[in-house]
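A quick write-up on the structure given underneath.
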Amino acid sequence: MIKIGILTFHRSTNNGALIQCFALCKQLQTDFPDCIIEVVDYEMPIVKRKIYPSNAAMYFEGTTVREKISKIKRFVKNHQMFKIQREKDRVFKEALRYIPLSDKYICEDSTSQLFEYINNEYDVIIAGSDAIWNYTVRGFPNPYFLDVSVQSKKMSYAASCFGMNYERIPSSEKKKIKNILDTYSFIGIRDEESRLFLDSIDCMVQPCHTCDPTVLLDIDNLPVDVNQLHSKLIKRGFKFDKTTIGVMGNDEMCKMVRELYNNKFQIVSLFNYCKHADVNLYDISPFEWAYVFRLFKITFTTYFHGTLLSLRNGTPVVAIALKNDYTHAHKSKVEDFLERIGMETCYFNTDYRGLNYNKILNKSNELISKDSKKEIFEKLEKEKNGYQLFRKNLNNIIKGEMKND
């Protein structure tokens with residue numbers, strides 16, 4: 001039996017990261033029922049320490065004096081951050097039982113065990129999806145590029161380098177990355193910036209756009225106890241008889257929505273705690289998170305997967321541009337996605353001090369006033385086309401492996 005491994009960020013305390021992994025697994029299990037599909041249970045300790053710290057030691061580790069001061073200010077603004085992170089960690093750990101994990105758990109910043117395990121276990125290894133090719137935090141060599149020593153058939157699905165200034169990569173690293181990716185049987189990428197990255201290293205394998213797996217998600221077949229979730233929401237103060245706006249962003253965004261609508265609508269914050277929200281749902285499971293977007297009339301978000309999951313539920317979005325050094329020089333993944341499906345008018349820049357507030361309010365009112373579910377679903381259906389090309393290539397590889405056996 002052919003065994004297919006997936007290497008991605010399934011252990012990140014991030015809703016989108018876990019849901020995209022779940023969605024890809026489910027789709028592959030449906031399309032290739034005679035194959036074993038599993039996720040390589042690998043994570044890097046450095047990521048947990050730097051991106052998802054759950055205590056002060058992890059939060060301040062390896063920081064300069066200036067960075068410490070900045071982090072102290074952030075902590076003062078959100079003094080419950082470690083408590084919230086620990087609760088999120090608990091919820092996400094429970095959610096992993098729905099992911100088909102490998103028997104072996106590998107936790108290392110190097111690749112000594114990882115590549116040996118892949119070679120011994122898998123006929124095909126799929127890198128992706130998500131921003132696995134951004135190694136700003138992970139360092140180089142980046143395990144998620146895999147390696148020329150990996151003998152399994154290598155593919156990527158909706159891989160991205162989002163967040164990494166690829167123009168600044170040293171030529172020596174570019175050459176090594178090119179040498180690895182040139183050994184791939186198929187390269188599927190998520191966004192245009194990743195295509196530009198591959199052009200910059202002169203990759204010989206022609207990349208293809210493949211949709212984020214959440215676009216493929218069967219939103220009505222999630223491991224969610226709906227009655228239990230509704231009871232949980234009611235205990236949190238959620239009013240099912242009141243029109244609701246979802247917010248997945250920071251407190252500035254939530255404050256903006258409050259200023260735009262005062263108390264006209266119920267405001268619910270997802271993933272992050274926001275003091276301006278009526279209800280905070282930062283600690284619900286990733287699957288409950290994927291479900292609750294259907295309870296909103298509209299979603300305001302800066303998040304990529306927040307955008308996708310809202311639309312996947314048929315709920316329109318107002319996407320606010322994320323401001324950082326990377327997005328000043330590159331197109332954001334949200335903008336890239338919305339442009340591709342013809343919804344770029346839902347994307348806005350703002351300084352949260354009034355810039356474009358009238359335009360944002362007008363678009364929000366327009367979306368609230370109409371039922372756009374059918375239109376949204378039609379646009380998402382077209383976005384799925386890239387998966388079919390990936391599926392065809394994977395099917396050909398599987399046939400070739402079966403002949404070799």
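The table below gives the values:
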quantity	calculated
Enumeration of residues in the range 155-178 that are surrounded by 15 or more Cβ atoms within 10 Å (Cβ to Cβ) and polar (S, T, N, Q)	S156, S160
Filtered residues of the range 109-137 (kept if under 22 Å from the mean Cα position of the chain (by Cα) and surrounded by fewer than 17 Cβ atoms within 10 Å (Cβ to Cβ))	D109, T136, V137
Helices (runs of 4 or more DSSP H) fully within the range 126-235 counting 1 or more residues that are outside the structural domain of N393 (by TED's automatic domain parsing)	226-235
Which numbered condition V257 fails, given (1) crowded, with 20+ Cβ neighbours inside 10 Å; (2) in contact with a Leu (Cβ under 8 Å, 6 or more places away or on another chain)	(2)
Restricting the range 192-223 to residues that are in contact with a strand residue (DSSP E or B) (Cβ under 8 Å, 6 or more places away or on another chain) and in contact (Cβ under 8 Å) with a residue 60 or more places away in the chain, the residue that is farthest from C25 (Cα to Cα)	S194
Single residue of the range 87-104 satisfying the filter (over 25 Å from I284 (Cβ atoms) and in contact with a Phe, Trp or Tyr (Cβ under 8 Å, 6 or more places away or on another chain)) that is surrounded by the most Cβ atoms within 10 Å (Cβ to Cβ)	S102
Among (1) surrounded by 15 or more Cβ atoms within 10 Å (Cβ to Cβ); (2) among the hydrophobic types (A, V, I, L, M, F, W, C); (3) assigned by TED's automatic domain parsing to the domain that holds H330; (4) assigned to a loop (DSSP other than H, G, I, E, B), the one test that F240 misses	(1)
Matching residues in the range 1-44 - criterion: being within 13 Å of V124 (Cβ to Cβ) and of a type in the set (K, R)	K3
Failed criterion for S369 (all others in (1) of a type in the set (G, A, S); (2) under 21 Å from F265 (Cα atoms); (3) surrounded by 13 or more Cβ atoms within 10 Å (Cβ to Cβ) hold)	(3)
Some residue of the range 355-378 being outside any helix (DSSP H, G or I), within 19 Å of F304 (Cα to Cα) and basic (K, R)	no
Residue check, E344 under 30 Å from R195 (Cβ atoms) and surrounded by fewer than 17 Cβ atoms within 10 Å (Cβ to Cβ)	yes
Residue match in the range 278-297 (condition: crowded, with 21+ Cβ neighbours inside 10 Å, among the hydroxyl-bearing types (S, T, Y) and within 21 Å of K384 (Cβ to Cβ))	no
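Residue-by-condition table, conditions (1) exposed (fewer than 15 other Cβ atoms within 10 Å of the Cβ); (2) out of contact with any strand residue (DSSP E or B) (no Cβ under 7 Å at 6 or more places or on another chain); (3) at pLDDT below 95; (4) not in a strand (DSSP E or B):
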residue	(1), (2), (3), (4)
G5	no, no, no, no
F9	no, no, yes, yes
S12	no, yes, yes, yes
I72	yes, yes, yes, yes
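The values are calculated or read from the model by the stated rules, or taken from the named source; none is laboratory data. These numbers come from a predicted model, not from an experiment. FYI the Cβ positions are ideal-geometry reconstructions off the backbone, even for glycines, and counts take in every protein chain you see.
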